[in-house]
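Working notes, structure below.
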Amino acid sequence: QECSKKQKNDDTQSTSVDPLSSNDGFEEKDEFHTLANAKTLLSDCLACDNCMTSEEGARVFQQNQKELFRILNLNKKCDTSKHKVLVVSICPQSLPYFAAKFNLSVNDAAKRLCGFLKSLGVHYVFDTTIAADFSILESQREFVQRYQRRNQEEHALPMFASACPGWIRYAERVLTNLVTSHICTAKSPQQIMGSLVKGYFARQQNLSPDKIFHVIVAPCYDKKLEALREDFYTALYNSQEVDCVLTSGEIVQIMEQKNVSMKDVTEVAVDSLFDEIKEGDVVRHDGKRSDGYLEHIFKHAAKELFGVDVKEITYKALKNKDFQEVTLEKDGETVLRFAAAYGFRNIQNMVLKLKKGKFLYHFVEVLACPGGCLNGKGQAQTEDGKPDKALLNQMEEVYAAIPVRLPETNMHVQQMYQDWLEGMDSKKVQETLHTKYSAVNQTASNLDIKW
């Protein structure tokens, strides 16, 4: 079907959808009863109803607060054989939302969010920055390899970033192999975190992956769709790498219904994947509103391919502030041309140029949301579903103030490449940190929701 996003839609009203009822026998009135019936608010995201099947829709709706409470209630039963280790991983772009909304520093927000989740019965709370480290490092290496093969392989360049699931869904369902062959094969930070929790952490704890229930706190609803991908499912254990995605706004809904204020929550240090140590202060990657793939890959490629040490990147805004380019010149010639394309309008313009053979860029960081990940529709929205611009400005200030840490300097990552992944060029790296993207020929049934 024709993608409904191609028509301008002025109706930005959020749709309220009742979660599917659970038939697992945990409907009795317990301490989570009122929360279990909370509604999930679905705002506009890139994955529209015309590229989502009814089955996917049903499974997405199961990823709500009710699913979290089902596991919490399960763990309160005396049959310990059915208990799950509950792990929550928090995306870096969610923390500025909590910090700005509750007028906290980002470090305090992380600790209070951790304290709140553990007060519910969550066992471990992790930060997904380490997963983004792996994703960026693998994307850097893949770009350099593609650049070196550009004259031998037709689809080597341009390379498109693979971290945004709304963009991936649109590429696979609508744009076909014209685009999918150009998408970087590195998994997104969310799904690499799934591999870390259900692989590395499970082994460290001597747990079967199906004994862990893994929740991601993310800025947008498209992450729920990403968690359902078949390539992120392990048949041996009947286990997804990520079992449930809750948006930042859904976590606030839980707080509101529990009548809990972030400022009243006890601070608890965020857990580390490594032994008993705790995480220190929050860090981020380069990039103003995202995980910074463009900046990291650009600097790495400049150094590796041309021996140029780029300290500061200068963005040049083109048609609008959400389409910007970065270039590297050497000996009077432009040798690298990168772009950041945020929002559906810029994505369509970019694809049009690709189809016409007028595409000048070597790499594009593509994000479905205008303004990038901080502006995900699962946070920074007013009650009527409009962007909360004042809150978003605060979030951008908070995010920009977080110290930057280069992925190459994370010693835990370097150690895990050797100890867990059997070296940087191993088969296990390809199996664990990479996936494949391809066109999906599927007629989706139209759902009566605004998705």
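Scanning the range 96-147 for residues that are touching a Ser or Thr at 6+ places or on another chain (Cβ under 6 Å), buried (at least 22 other Cβ atoms within 10 Å of the Cβ) and in a helix (DSSP H, G or I) yields a single hit, TYR97.
Picking from residues in the range 220-237 that are open to solvent by 50 Å² or more (accessible area, probe 1.4 Å) and farther than 19 Å from ALA186 by Cα, the one that is modelled with the highest pLDDT is TYR237.
Considering only residues in the range 330-356 that are in a strand (DSSP E or B) and open to solvent by 60 Å² or more (accessible area, probe 1.4 Å), the one that is farthest from LYS303 (Cα to Cα) turns out to be GLU333. Annotation note: Cβ proximity below 6 Å between a residue of the range 245-266 that is at pLDDT below 95 and a residue that is outside any helix (DSSP H, G or I) and open to solvent by 30 Å² or more (accessible area, probe 1.4 Å) (sequence gap 6+ or interchain) occurs for MET262/PHE102. Under the condition of being under 17 Å from LEU175 (Cα atoms), of a type in the set (A, V, I, L, M, F, W, C) and assigned to a loop (DSSP other than H, G, I, E, B), the residues counted in the range 357-377 number 2.
In the range 193-201 there is no residue matching the filter, namely being assigned by the TED database to the domain that holds LEU95, free of Cβ contacts under 8 Å to residues at least 12 places away in the same chain and surrounded by fewer than 24 Cβ atoms within 10 Å (Cβ to Cβ).
A count restricted to the range 301-329 and to residues that are surrounded by 13 or more Cβ atoms within 10 Å (Cβ to Cβ), of a type in the set (Asp, Glu) and not in a helix (DSSP H, G or I) stands at 2. Within the range 381-403, the set of residues being in a helix (DSSP H, G or I) and open to solvent by less than 50 Å² (accessible area, probe 1.4 Å) comprises LEU391, LEU392, MET395, VAL398, TYR399.
Please verify whether the range 285-296 includes one or more residues that are modelled with pLDDT under 95, open to solvent by 70 Å² or more (accessible area, probe 1.4 Å), more than 18 Å from SER135 (Cα to Cα) and part of a loop (DSSP other than H, G, I, E, B). So far as the range 285-296 goes, no, none of its residues is modelled with pLDDT under 95, open to solvent by 70 Å² or more (accessible area, probe 1.4 Å), more than 18 Å from SER135 (Cα to Cα) and part of a loop (DSSP other than H, G, I, E, B).
The values are calculated or read from the model by the stated rules, or taken from the named source; none is laboratory data. Keep in mind that this is a model prediction, so the values were computed, not measured. Cβ sites come from the backbone with ideal geometry, for glycine too, and all protein chains shown count toward neighbours. Ligands, DNA and RNA are excluded from the accessible area calculation, which covers all protein heavy atoms including side chains. Shrake-Rupley method; radii C 1.70, N 1.55, O 1.52, S 1.80 Å.
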